[in-house]
There are 2 protein chains.
Amino acid sequence: MTPTRRPGRRAGPTESRGEILAAARRLFAERGYDATTVRAIAQEAEVDAALVHHFFGTKERVFVAALELPIQPAELLPQLVGGPRDEVGERFARLFLALWRDPATRSPLLALIRSATTNRQVAAMVRQFITAAMLGPLAGALGVPRLRIVTAASQLVGLVMLRYVIEVEPLASADEEEIVRLIAPVIQRHLDAESP
Amino acid sequence: MTPTRRPGRRAGPTESRGEILAAARRLFAERGYDATTVRAIAQEAEVDAALVHHFFGTKERVFVAALELPIQPAELLPQLVGGPRDEVGERFARLFLALWRDPATRSPLLALIRSATTNRQVAAMVRQFITAAMLGPLAGALGVPRLRIVTAASQLVGLVMLRYVIEVEPLASADEEEIVRLIAPVIQRHLDAESP
C-alpha cells in the first residue's frame, strides 16, 4: 500500500502518524468517540484513510494510541471471557489489579481518571469508548445484561479510587491476594446472570 | 459563654465564624485532618478555642462546615448501624443513593470527588477524615475489619463514578430500586464478617 500524500506535503511516515494522532485527539475531544470516523480523522490529518488503517487498523486502536492508553481492550477481552465461566470474577479481579500494580500502566490510567473526573469532554470520550470497546463486547461474550457488566466494573473502579487515588488504609497497602479474595466473589456474582 | 476577643478586633459572631472556617480550611489543607486541632484553628483565627467549640462542637463538624460538606457522618452512622444486621447492606445502598439523588447533596459531593482526584492535599484531607470520622466508628459498631468496610465503600464509590461522573449507560439512568437489588447483597457480603 502506498500512502497517498497531498502535493506539496513532504511528511514522512513518522510525521504522518503524529499528524493522524493529533487530528484524532482533536476530533475525539470535539465530537466524542462515536461520531468520529476513521475517514474524518484522515481528512483532518490530510492523509488518505487507507494510511490510518495501515498504521492503526481500527478506530479503537487510533483512540488507544491518541490517548496513549496503556491497554488494548481487544487484547484483554479474550483473557477475560476465556476460561471457566465460574472463575470469570477472579479473572477480572486479577487482570485489573495487575494493570494497576504496574506503574507503566497505572500512571496513564490514573491520568485518564483524573481528566475524566474534571473534564466533561474527556468523560464523554471515555464513556463512549468504554461502551463501544468494552461494554458491548463483554455483554455479548458473557451473555449478561449490560447493567451487570457496568455494576461489576464499578466495584473495580471504586477499588482503584480508594486504593490508588484517595489511598485509604488498610486498602492502599493491602495484599493483592487478600483483595482478590474479597472482590472476586462479588464480581462473579454481578456477572452471574442467574443471581437474584 | 462569652467569646474572647483580642483588643482592637471588633469581629461580630458572623465574622468570627467565617474567620474560624477560613482558618480551618488553611490548616486542614496545610497539615491534613489528623494534625489539625481545634486549638490550632482557634489560634490561627485569633479567637478563643471555646468559641470554636461553641460554634461547631467538634473538629469533625468544623471540617464538615469548612469544606461545605452536605453530610454529617455523626448523624448518618446511627442510621447505618441501627436496624437488623442482615439488612445493613441495603441500608448502606439506600442511604448512599439518596444522598446522590438529591442535587443539594450531590453537587458538593461531586465537587469534593473532583478535587480529591486532582489535588493531593485534598485527597489527604479526605482520606484522614474518612478514616477518623467514618471508617473507625463503622468498624467498631459493626465488628468487621476495616478492610471490609473500605471494600464495601469502594463498591459505592465506583457506582458514583460510573453513574454520576462518567455517566455510563445503562447505569446512569438505571432505576434506583434495580441498583439496590444489585448492590445491597454485595455490600452485605462485604460487611458480613463471617463470609469467606
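The values are calculated or read from the model by the stated rules, or taken from the named source; none is laboratory data. Predicted model only: the values in this text are computed from it and were never measured. Here Cβ is always computed from backbone atoms with ideal geometry, including for glycine, and neighbour counts include all displayed protein chains. All accessible areas refer to the heavy atoms of the entire protein, side chains included, with ligands and DNA or RNA removed. Shrake-Rupley method; radii C 1.70, N 1.55, O 1.52, S 1.80 Å.
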Of all residues in segment B:14-35, count the ones that are open to solvent by 60 Å² or more (accessible area, probe 1.4 Å), under 22 Å from B:THR131 (Cα atoms) and either in a helix (DSSP H, G or I) or among the basic types (Lys, Arg) (or both).
4
Reported set for segment A:108-129 where residues are touching a Phe, Trp or Tyr at 6+ places or on another chain (Cβ under 7 Å) and crowded, with 19+ Cβ neighbours inside 10 Å is A:MET125, A:GLN128, A:PHE129
I want to confirm something. Restricting to segment A:98-107 and keeping residues that are touching a Pro at 6+ places or on another chain (Cβ under 9 Å) and open to solvent by less than 40 Å² (accessible area, probe 1.4 Å), which single residue is nearest to A:GLU176 (Cα to Cα)?
A:LEU99
Tabulated pairs, segment B:130-145, first within 12 Å of chain A (Cβ to nearest Cβ) and surrounded by fewer than 17 Cβ atoms within 10 Å (Cβ to Cβ), second at pLDDT below 90 and outside any helix (DSSP H, G or I), C-beta under 9 angstrom, 6+ apart or interchain:
B:ALA132/B:TYR33; B:ALA132/B:ASP34; B:PRO145/B:ALA193
In segment B:164-179, anything more than 7 Å from every other protein chain (Cβ to nearest Cβ), under 24 Å from the mean Cα position of the chain (by Cα) and open to solvent by 10 Å² or more (accessible area, probe 1.4 Å) is listed as B:TYR164, B:ALA172, B:GLU176
Can you name the number of the only condition in (1) farther than 19 Å from A:VAL168 by Cβ; (2) modelled with pLDDT under 90 that B:ALA93 fails?
(2)
Take the residues in segment A:180-192 that are touching a residue at least 12 places away in the same chain (Cβ under 8 Å), out of contact with any Phe, Trp or Tyr (no Cβ under 8 Å at 6 or more places or on another chain) and in a helix (DSSP H, G or I), then tell me which one is surrounded by the most Cβ atoms within 10 Å (Cβ to Cβ).
A:HIS190
